[in-house]
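Read through the structure below, which is laid out as structure tokens, and then see the notes.
The values are calculated or read from the model by the stated rules, or taken from the named source; none is laboratory data. None of the values given here were measured: they were computed from a predicted structure. Neighbour counts are summed over all protein chains in view; Cβ atoms, including those assigned to glycine, are modelled from backbone coordinates with ideal geometry. Protein only, heavy atoms only, side chains kept; ligands, DNA and RNA dropped before computing areas. Shrake-Rupley method; radii C 1.70, N 1.55, O 1.52, S 1.80 Å.
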Amino acid sequence: MDYKAAFHSALEQVHTEGRYRVFADLKRHRGDFPLATWTRPDGAEQQVTVWCSNDYLGQGQNPVVIKAMHDAIDAVGAGSGGTRNISGTTRYHVELEAELADLHGKDAALLFTSGFVANEGALATLAKVLPGLIVFSDALNHASMIAGIRNGGCERHVFRHNDLEHLESLLAQAPASAPKLIAFESVYSMDGDISDIAGTIALAKLYGALTYLDEVHAVGLYGLRGGGVAERDGVMDEIDIVEGTLGKAFGVMGGYIAANAEIVDAIRSYASGFIFTTSIPPALAAGAMASVRWLKTHNEVRVHHQERAATLKRRFHEAGLPVMESQTHIVPVFVGDPVRCKMVSDMLLTEHGVYVQPINYPTVQRGSERLRFTPTPFHTDPMMDRLVAAMNDLWSQCNVARRPAAA
């Protein structure tokens, strides 16, 4: 076997398809979000405005969060020292889990090193704990959910995205006595649409299924205290298991689930991704806890965030740019071609100091390539002026269609 040729061929295919990913070397400016310094390939530095960060509320720059992390390092040092079972459980981890359980109105919560690990570990474990489990998964669920369901080795059925009629037809065909789980997201991060949580709960009750809701792109951003779309819609107490992240709206790092105490304890006891992984450092736990607490009492930040997103959508629409329909803070602009998508993204960065990452296959389907903007409360009107002007120029220069885009 010519191993070198095999790797070369794999990379060539990605290049040929126009979806080879290049990481932007960024250094954020503390206290000056969303500005950053980009180190160009030639080593030169350029100031840019970041338009695609998942730090949706700029909490990674919140002085309250930064102080909590500094204080924790000063008090206990850097690392956690081990897995949660072997010296890696600190007071910071315990208090953060209590804070997250309170956020979602659940008995308990469990920390993981990332949202991906939380989904993979929890969903795979549920299949082990519930023999004969049948999982019903939305077609656009995140890769981490798909991995967890597959790794669980249970029977699974994929229902069309946000199609409750299709979901019910699949549920109706399943044995009434079999354990069932419906796995879905609240906010789908590439299209910016929202699932019918209440309708899904109703079907779950009718067919005796548990509900597993990924609120990764909603926690901190929706609901009066930031509990997510389920809190906003008044149905949080009817969701069995909530999964979330600390790395997006909360601005730090880590993932978690929240549920009743026995479900959490069972996953804690069986999930390999939890048991055999070093716990997050105390400073991260402290920062996340400070962020969660702060956002519980600052709904005005969420209100401002929604206004910024709505304003950018309107500005793009008025400029004739094909902004895709979105119910949320996600602002996707349709391109439909991987080469042009990367071309526009590269020119925005190099010529206009605007950083937005091209979204290509496999993150989205081929032919639906897009630029995904995530305006924050810190993106000003002058920043939007410069962005819209740059987009308007490049759309003509790169010959990208200005047609209205389907969601």
Next on the checklist: Check which residues have an amide H placed less than 5 Å from Ser53's amide H, if you skip close sequence neighbours.
Outcome noted: Thr374
Checklist entry - Whole-Hz Karplus ³J(HN,Hα) for segment 88-99, in order, using 6.51 cos²θ - 1.76 cosθ + 1.60 and θ = phi - 60°, x for Gly and Pro? => result x, 9, 10, 4, 5, 5, 5, 5, 5, 4, 5, 5
Next on the checklist: Taking θ = phi - 60°, what integer Hz values does the Karplus form 6.51 cos²θ - 1.76 cosθ + 1.60 yield along segment 51-65, in sequence order, with x for Gly and Pro?
Outcome noted: 10, 9, 6, 8, 6, 4, 10, x, 5, x, 10, 5, x, 5, 5
Next on the checklist: For a quick check, take a GNM of the chain with Cα springs below 10 Å and name the residue from Gly58, Gly320, Gly228 with the largest mean-square fluctuation.
Outcome noted: Gly320
Next on the checklist: List residues of segment 212-251, by number, whose backbone nitrogen lies under 19 Å from a label position 7 Å along Cα→C-beta of Ala178.
Outcome noted: 212
Checklist entry - In nm, to one decimal, how far is the Ala401 label point from the His166 one, both placed 7 Å along Cα→Cβ? => result 2.3 nm
Next on the checklist: Ordering Lys27, Lys4 by accessible area with a probe of 1.4 Å, largest first, what comes out?
Outcome noted: Lys4, Lys27
Checklist entry - Rounded to the nearest whole Å², what accessible area per residue is found for the chain with the 1.4 Å probe? => result 44 Å²
Checklist entry - Roughly how tilted is helix 299-318, in degrees to the nearest 10 and between 0 and 90, from the longest Cα axis of the chain? => result 40 degrees
Checklist entry - Can you pull the percent of the chain's accessible area that's carbon plus sulfur, 1.4 Å probe, other chains left in place? => result 54 percent
Next on the checklist: Taking 0.36 nm per residue of sequence separation and subtracting the Cα-Cα distance, how much length would be gained by fully extending the chain between Arg28 and Glu318, in nm to one decimal?
Outcome noted: 101.3 nm
Checklist outcome for this item: Checked against the positive end of the charge dipole of segment 328-387 (+1 on Cβ of Lys and Arg, -1 on Cβ of Asp and Glu, about the Cα centre), the farthest of Val335, Val356, Pro375 is Val335
Item to check | Calculated from backbone phi, Karplus (6.51, -1.76, 1.60) coupling profile of segment 158-164 in Hz, x at Gly/Pro | outcome: 9, 9, 4, 3, 6, 9, 6
Checklist entry - Taking R0 as 56 Å, what's the FRET efficiency between Thr37 and Glu155 from their Cβ-Cβ distance, rounded to 0.05? => result 0.65
Checklist outcome for this item: Between Gln327 and Val339, the two model label points (7 Å from Cα along the beta-carbon direction) sit apart by a distance in nm of 3.7 nm
Checklist entry - What distance in nm separates the simple spin-label points at Ala5 and Arg386, each placed 7 Å from Cα in the Cβ direction? => result 5.0 nm
Item to check | Gain on full stretching of the segment that runs from Ala44 to Ala75 - 0.36 nm per residue minus C-alpha separation | outcome: 7.3 nm
Checklist entry - For segment 253-295 and segment 212-246, what is the separation of their C-alpha centers, rounded to whole Å? => result 16 Å
Item to check | Cleavage-rule hits, chymotrypsin sites (Phe, Trp or Tyr not before Pro), segment 190-284, DSSP coil, Cβ neighbours within 10 Å at most 11 | outcome: Phe276
